[in-house]
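Student: Quick one: the structure is below, and I'll ask about it shortly.
Where a number appears in this text, it was derived from the coordinates with a stated rule and is not lab data. Keep in mind that what you see is a predicted model, and the values were worked out from it rather than measured.
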């Protein structure tokens, strides 16, 4: 369990991704930043889904994932 004061200082919330690195006899814990919209688009492009014509179902899926990401990001700010 990570101490509450540490989580508050590092802005780590329940469900946040963290990177844990072994250092000597202890650990270094750092939050992993969430991907931005540009990074998500780059991941989709690298996967090849933006290099070819998308079907209506694929476009709907991408729109849904981006909308869910944006909604989740707004909730975290509130």
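Student: Would you work out the relative contact order for the chain, in percent, from Cα pairs under 8 angstrom that are 6 or more residues apart? Could you put the intermediate results ahead of the total?
Tutor: Numbers: 30 pairs, mean separation 12.3, N = 78.
The normalised contact order for the chain reaches 16 percent.
Student: Largest first and in whole Å, give the semi-axes of the chain's equivalent ellipsoid, each being the square root of 5 times a Cα gyration tensor eigenvalue.
Tutor: Working: eigenvalues 229, 56, 13 Å².
Ellipsoid semi-axes (Å, largest first): 34, 17, 8.
Student: Moving on. Give me the number: length gained by fully extending residue 45 to residue 8, i.e. 0.36 nm times residue separation minus the C-alpha to C-alpha distance, one decimal in nm. Mind showing how you got there, number by number?
Tutor: Working: separation 37, 0.36 × 37 = 13.32 nm, distance 3.52 nm.
Answer, rounded to one decimal: 9.8 nm.
Student: Under 10 Å, Cα contacts only: if you run a Gaussian network model on the chain, which one of 56, 30, 45 comes out with the highest mean-square fluctuation?
Tutor: Of the options given, 56 has the highest mean-square fluctuation.
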